[in-house]
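Working notes for the structure below.
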Amino acid sequence: MRKSVLSAVFLFVLPAYSQSFAVGFKAGIPLTPYFDTGDTGSRNGGADYSSATRRYTLGVSGEWRLTNSIGFELDVLYRRMGYTGTANFFDTANGNFSNSTINVRGNSWDFPVMFKYRFGHVVRPYLAGGGVLRYVGPVHESGEVMTGSAVGGPVSTSPIDTSEPSDLNKRFYPGLTLAGGVEIGAGRFRVLPEIRYTRWTANISGPGGVLRLAPDQVDVMVGLLF
């Protein structure tokens, strides 16, 4: 009798436990640029940066459900990033100059952890919020730098080829993220369209810098959980 009771409890608890954690995939489209770029200049030189945003985000997602309404979500989201830049410097004291062009390409990884609350039953709106950590890398910078003197003498050109761009000497960036969406489905398979907002609390440079992460990020995403 005791064995049959334990077996019944085991068969009841196991499905409930197995449904408390779900994994799946995320895909999205950024509505905002990855970088804010600009230019600066003076009589001693200047710099000009530009960037094209890759309009896709891909990743995996895991959700731990504490109750039918409350849970935690952890995502790993991948996107490509890149920028180009030109910089020039002129030393008015001796006439020396340098002109450089760069092209940087690489990977970007976001790791959001969010508390989630769901409403309703079959079609379930939800809100989520928490923190996110961005890691930029690996990256590669290519280009060339030309140096010489305006008063004569040889002009030399040197290649740039490095995995440590000076603009990205910091690789980790924290932020805060909020999401709202709808969970559709029953059982183990669910579809989750959502809109997500992220505010980066640290950046590559200060306000007005020629290369910065766009401080406000908005993504439209769709998740599949199993």
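The values are calculated or read from the model by the stated rules, or taken from the named source; none is laboratory data. Fair warning: this is a prediction, and the values are worked out from it, not measured in the lab. We place every Cβ from the backbone using ideal geometry, glycine too, and count neighbours over all the protein chains shown. Note: accessible area is taken over every heavy atom of the protein model, side chains too, but ligands, DNA and RNA are not part of it. Shrake-Rupley method; radii C 1.70, N 1.55, O 1.52, S 1.80 Å.
Just checking the listed ones, Asn103, Asn203, Asn169: in the Gaussian network model of the chain with Cα springs under 10 Å, the one fluctuating most is Asn169.
Which FRET efficiency, nearest 0.05, do Tyr78 and His121 yield, Cβ-Cβ r, R0 25 Å? Calculated transfer efficiency: 0.15.
Put a dot 7 Å past the Cα of Thr53, heading toward its Cβ, do the same for Val145, and the two dots end up 3.2 nm apart. Taken along the Cα-to-beta-carbon direction at a fixed 7 Å, the label points for Arg199 and Ser156 span 5.0 nm. Cα centroid separation, region 158-193 to region 196-226: 8 Å. In the chain, the longest principal axis of the Cα atoms and the axis of helix 2-18 are about 30 degrees apart. Spin-label pair Val60-Asn94: with each label point 7 Å from Cα along the Cα-Cβ axis, the two points sit 5.5 nm from one another.
The three principal axes of the C-alpha atoms in region 12-141 carry coordinate ranges of 83, 24, 22 Å, sorted with the longest axis first. When nucleic acids and ligands are ignored and a 1.4 Å probe is applied, Asp110 ends up with an accessible area of around 10 Å².
Subtracting the Cα-Cα distance of Leu224 and Ser69 from 0.36 nm times their residue separation leaves 54.0 nm of extension gain. Compared with the alpha-carbon gap, the fully stretched path from Ile29 to Leu178 is longer by 52.0 nm at 0.36 nm per residue. Heavy-atom accessible surface of the chain, averaged per residue, reaches 54 Å², computed with a 1.4 Å probe. With a 1.4 Å probe rolled over the protein heavy atoms of all chains, the accessible area of Arg79, Arg43, Arg188, Arg171 falls in the order Arg43, Arg188, Arg171, Arg79, largest first.
Per-residue surface analysis assigns Phe172 an accessible area of about 110 Å², computed on protein heavy atoms at 1.4 Å probe radius.
The magnitude of the dipole of the chain, with charges of +1 and -1 set on the Cβ of Lys/Arg and Asp/Glu and taken from the Cα centre, is near 1340 debye.
Between Val151, Val123, Val60, the Gaussian network model of the chain with springs among Cα atoms under 10 angstrom shows the greatest mean-square fluctuation at Val151.
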